[in-house]
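In what follows, a structure is listed as structure tokens, so that the remarks can point back to it.
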Amino acid sequence: MDRAGEQHHSPRRCRKREIALSDYSGDLSRRAKGWNSVLTRNSQLPPARRLHHHGAVQRLRIMAWIGLLPELGVLLALLVTGGNHLPGSLARAPFARDFSDFWAAGVLVDARQTGILFDPAAFQHFLYGLFPYLHAVRLWSYPPGMALMVAPLGFLPKCTAWVLWFAGGTTALFGALRVIHGRALPAAVIGLVLISPVWWDNLLTGQNALITGSLIVLGYGLLDRRPGWAGIAFGLLTIKPQLGLLVPVAMLACGGFSAVLTAGLTAGAVAAASAVLLPGSWHLFFSQVAPAMNARLLHPYAQTDWQVLMGSPFIGAESIGLLQSAAFFVQAVITAASAVATWLLWRRPVAGDAARYRRMAASAGLGLAATPFCLNYDALGATALLVLAVTQGGLIGRSKGWVAALIAYAQPGWGLFLAVAIDAPIFTWAAWLALGLFCTWSGDEPRHAQEG
């Protein structure tokens, strides 16, 4: 009876087992689909919430160490040598060297000695009287608008003025990043900017890239959302006009005609104010400063200090032996390619902040490649946007873009070592051009999102 009952119920038990196995299999399938859904949703999360995936943390550590090592090397060299017997042009580049120009210009503007400021020989004589340790040819190479900006520095002692100049510039840079990010900056952004070689380069030389970099960040960051304010930032950038060579391309490509208008009005206001407050400054600028700058910049390549520290395609082409006409042709080709890439970047719409950050960094980088006259410290604004694109814009998950970003981030420091050690020119433009072209022609989804 029991055996018969067992045999009788055996098919039913088998059926129950089949149902149970089917339910278990279905549960596994649902779990697998659930995990796939989680992974898919994870790849669609804001980049800041994906930093612990796909080796992003390790890549950030690599980026931090590669950026930090050049500064540690310079500090070690200063400690060991006491500032003496440094290789190459470091021995001729005292602390806050370039800031000496700005502070002296402020002193002259406050004393209403515009004629001395815009006379290259007279300014160099005046500067040597203040700072006899400056052993290089120094001249005021900026339009009168820059002289207005540095005028307040002349009322302060040099050390106090330098502290306020650098602290205020750094605050302005982080403030600009905060404005375009729309919320508090992540610690990774702040840290990577503060240990970037180009930030330390500006610290040591006292250059103006903290100010111009802030304007570049605000300009590209607000162009598609607040074009009027972006135009004001770009109008103020005319204090160093070579950095904004591709700005009109971006403004026209995105239809930012209000940006064009406000940029023109702002630039005109700065020029008019400098003409009124510094009488005769524009005439002196075009009659004396501009010819002196052209003679210096267009001098055949001879491995001078300023030539090896320049990071433009034009100087790079000259450094490998090309004639100046051929070097200009190389620069023209790269400038045209950068302009086309900038047009395409701003012509197409972008979805989300991540894509916007990548476009900003690419645009600023292409602007560096497009100008024939820029130095390594001019990359600070582009570097700040690059850090934002890496940490918040998904660029860290794109293998090719990540490599270009890493080189662009580290190049000012490592390139500076090569420049001062063996007088090799800094090819800063190459990494920025590669990054810009990658962001222009690559797909919109990071590789890890496609594979997930």
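The values are calculated or read from the model by the stated rules, or taken from the named source; none is laboratory data. Not measured: the values here are computed from a predicted model. FYI the Cβ positions are ideal-geometry reconstructions off the backbone, even for glycines, and counts take in every protein chain you see.
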Discussion item. What's the number of the only condition in (1) surrounded by 17 or more Cβ atoms within 10 Å (Cβ to Cβ); (2) assigned to a helix (DSSP H, G or I); (3) modelled with pLDDT under 95 that Ala176 fails to meet?
Written reply: (3)
Item to complete: Could you tell me whether the range 203-218 includes any residue that is within 14 Å of the chain's Cα centre (by Cα) and over 20 Å from Leu375 (Cβ atoms)?
Response: yes
Worksheet, complete the sentence: From the option list Ser274, Ser258, single residue qualifying as surrounded by 19 or more Cβ atoms within 10 Å (Cβ to Cβ) and of a type in the set (Ser, Thr, Tyr) is Ser274
Worksheet entry | Positions within the range 297-313 being modelled with pLDDT of 80 or more, more than 21 Å from Ala434 (Cα to Cα) and of a type in the set (Ser, Thr, Tyr), in sequence order | Tyr301
Worksheet item: Looking at the range 314-344, which of the residues that are closer than 16 Å to Phe373 by Cβ and either touching a Leu at 6+ places or on another chain (Cβ under 8 Å) or of a type in the set (S, T, N, Q) (or both) is surrounded by the fewest Cβ atoms within 10 Å (Cβ to Cβ)?
Response: Gln324
Worksheet item: Any residue at all in the range 194-202 that is of a type outside the set (Gly, Ala, Ser), farther than 18 Å from Ala408 by Cβ, at pLDDT below 95 and surrounded by fewer than 24 Cβ atoms within 10 Å (Cβ to Cβ)?
Response: no
Fill in: Of all residues in the range 203-220 being surrounded by fewer than 24 Cβ atoms within 10 Å (Cβ to Cβ) and not hydrophobic (A, V, I, L, M, F, W, C), the one that is modelled with the highest pLDDT
Thr212
Worksheet entry | Breaking point among (1) touching a residue at least 12 places away in the same chain (Cβ under 8 Å); (2) surrounded by 15 or more Cβ atoms within 10 Å (Cβ to Cβ), for Thr304 | (1)
Worksheet, complete the sentence: If you go through Phe328, Phe285, Phe314, the only one that is assigned to a helix (DSSP H, G or I), among the hydrophobic types (A, V, I, L, M, F, W, C) and more than 30 Å from Pro197 (Cα to Cα) is Phe285
Worksheet item: Can you name the residue in the range 128-147 that is more than 16 Å from Ile116 (Cβ to Cβ) and at pLDDT 90 or above and, of all such residues, is surrounded by the fewest Cβ atoms within 10 Å (Cβ to Cβ)?
Response: Pro143
Worksheet item: Can you find a residue in the range 315-323 that is within 12 Å of Gly436 (Cα to Cα) and not polar (S, T, N, Q)?
Response: no
Discussion item. Suppose the filter is small (Gly, Ala, Ser), more than 25 Å from Pro372 (Cβ to Cβ) and touching a Leu at 6+ places or on another chain (Cβ under 6 Å); does Gly268 pass it?
Written reply: no
Discussion item. Criterion first (outside any loop (DSSP other than H, G, I, E, B), out of contact with any strand residue (DSSP E or B) (no Cβ under 6 Å at 6 or more places or on another chain) and at negative phi) does Ala302 satisfy it?
Written reply: no
Worksheet item: Pairs, please: C-beta under 7 Å, at least 6 apart or cross-chain, first residue free of Cβ contacts under 8 Å to residues at least 60 places away in the same chain and in the range 174-187, second in a loop (DSSP other than H, G, I, E, B)?
Response: Phe174/Leu185; Arg178/Leu185
Worksheet item: On the given criteria, is Ala362 under 13 Å from the mean Cα position of the chain (by Cα) and in contact (Cβ under 8 Å) with a residue 24 or more places away in the chain?
Response: yes
Worksheet item: When the range 203-249 is examined, which residues are found to be touching a Gly at 6+ places or on another chain (Cβ under 6 Å) and in a helix (DSSP H, G or I)?
Response: Leu210, Ile211, Gly213, Ile216, Val217, Pro227, Ala230, Ala233, Phe234, Leu237, Ile239
